[in-house]
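The values are calculated or read from the model by the stated rules, or taken from the named source; none is laboratory data. None of the values given here were measured: they were computed from a predicted structure. All Cβ positions, glycine included, derive from the backbone under ideal geometry; neighbour counts span all protein chains shown. All accessible areas refer to the heavy atoms of the entire protein, side chains included, with ligands and DNA or RNA removed. Shrake-Rupley method; radii C 1.70, N 1.55, O 1.52, S 1.80 Å.
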Amino acid sequence: SVNHFNTGEKKFNIGEIKIAHLAWRSTLEAAIRDVIRIRPDEVTSHQDCDFGKWYAGDGQIFKSYENFQELGLWHQKTHDIARQVIEQCDQGKQEQAQSLIREFNEARTNLFRLLDDVYLQ
């Protein structure tokens, strides 16, 4: 019966965006526990990930949406903090990296909230 609902055309693939950014949480935790090794330059910038490319390109059709600009800022912050976590791990500062996870989660939560807001407008 779900197939009978018409929710309209998708604005963007919100699920893929969330999965990709949520996966970073597991990656960062694994790096903190020294299960995996990642170099700071391997953390994709907010401009080079698939969402970042969409945001700066095709996504600009949504730039008039109320939360679109803030969405971009939280997206950048999410990537910046992920890089900081990996930099701390790279320097053997797992405790400092772990404390940054809270900031990462806050940034990611705000990113997801704003994704929802833009998607539902």
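A few remarks follow.
- Subset tally (residues that are among the acidic types (Asp, Glu), over 15 Å from residue 75 (Cβ atoms) and open to solvent by 60 Å² or more (accessible area, probe 1.4 Å)) for the stretch 11-35: 1
- The sole residue among 52, 92 that is out of contact with any strand residue (DSSP E or B) (no Cβ under 6 Å at 6 or more places or on another chain), part of a helix (DSSP H, G or I) and either of a type in the set (S, T, N, Q) or at pLDDT 95 or above (or both) is 52.
- A single entry from 96, 76 fulfils the requirement of being polar (S, T, N, Q) and more than 13 Å from the chain's Cα centre (by Cα): 96.
- Those residues of the stretch 54-93 which are more than 26 Å from residue 13 (Cα to Cα) and open to solvent by less than 50 Å² (accessible area, probe 1.4 Å), in sequence order: 85, 86, 88, 89
- Taking the criterion of being under 13 Å from the mean Cα position of the chain (by Cα) and open to solvent by less than 90 Å² (accessible area, probe 1.4 Å), the residues of the stretch 36-53 that qualify are 43, 44, 45, 46, 49, 51, 52.
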